[in-house]
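Notes to accompany the following structure.
The values are calculated or read from the model by the stated rules, or taken from the named source; none is laboratory data. On a predicted model such as this, the values are computed, not experimentally measured, just so you know. All Cβ positions, even for glycine, are placed from backbone atoms using ideal geometry, and neighbour counts span all protein chains on display.
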Amino acid sequence: MSSFLLFQAAALAFYMLSAFFVDNFVIIFVVTVLLSALDFWVVKNVSGRILVGLRWWNEINEDGESVWKFECLDQESLARMNKKDSWLFWWTLYLTAVVWIFFGIFSLIRFHADYVLVVGVCLILSIANIVGFTKCRKDAKKQLQAFATQNLTSRLSSTIQSAFTVV
């Protein structure tokens, strides 16, 4: 869980504190975007799987169409997930995007268009994770409902079948 918060906090802290310690925009841009990209990758591929049991990715098929792919742990594994970790994951995911929006507004007010570019890249990465995990969660709920319906139907049919074969 610490790696989940490490890169988010590092990207936000470096961006905030860089104005005091670094006078080179290129360094600020590169380090902040690199930390944000590391955060994106860790959240998408590691933290999402560990904390909420979800993973997503996007592929381009032969026709050139974008296809979303989702993974979800089975029902038994999901039931063992810590609810506090899940809560922390979702709130941090949304809160990070809100903080980047705040930084973007602040950069616009100060007329620093170059810093809006940094914030824009970081915000796009945060929003991509929000969209991916939200779609993944919705797909996981559909899969669980389909599984429950199928399981209930098969049990009901086997119960009815066994009732008539007892005779």
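Overview of results
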| read-out | value |
| --- | --- |
| Count - residues of segment 1-46 that are under 30 Å from LEU73 (Cβ atoms), of a type in the set (Gly, Ala, Ser) and modelled with pLDDT of 85 or more | 5 |
| Count of segment 1-30 residues which are surrounded by 11 or more Cβ atoms within 10 Å (Cβ to Cβ), closer than 20 Å to ILE50 by Cβ and hydroxyl-bearing (Ser, Thr, Tyr) | 1 |
| Residues located in segment 26-61, provided they are farther than 18 Å from LEU123 by Cβ, part of a helix (DSSP H, G or I) and more than 16 Å from the chain's Cα centre (by Cα) | VAL26, ILE27 |
| Test: residue in segment 57-67 that is aromatic (Phe, Trp, Tyr) and either more than 20 Å from LEU38 (Cβ to Cβ) or surrounded by 15 or more Cβ atoms within 10 Å (Cβ to Cβ) (or both) | no |
| Close pairs from segment 2-27: first free of Cβ contacts under 8 Å to residues at least 24 places away in the same chain, partner in a helix (DSSP H, G or I) and surrounded by 11 or more Cβ atoms within 10 Å (Cβ to Cβ), Cβ under 7 Å, at least 6 apart | PHE14/VAL31; PHE14/THR32; PHE14/LEU35; SER18/ILE28; VAL22/ILE28 |
| Search result, residues across segment 31-48 that are loosely packed, with under 15 Cβ neighbours inside 10 Å and either of a type in the set (A, V, I, L, M) or in contact (Cβ under 8 Å) with a residue 12 or more places away in the chain (or both) | LEU34, VAL46 |
| PHE70 vs. criteria surrounded by 12 or more Cβ atoms within 10 Å (Cβ to Cβ), within 17 Å of the chain's Cα centre (by Cα) and touching a residue at least 60 places away in the same chain (Cβ under 8 Å) | yes |
| The one condition in (1) part of a helix (DSSP H, G or I); (2) farther than 21 Å from GLU71 by Cβ that PHE4 fails to fulfil | (2) |
| Which listed residue, of ILE101, ILE60, ILE109, is farther than 20 Å from LYS138 by Cα and in contact with a helix residue (DSSP H, G or I) (Cβ under 8 Å, 6 or more places away or on another chain) | ILE101 |
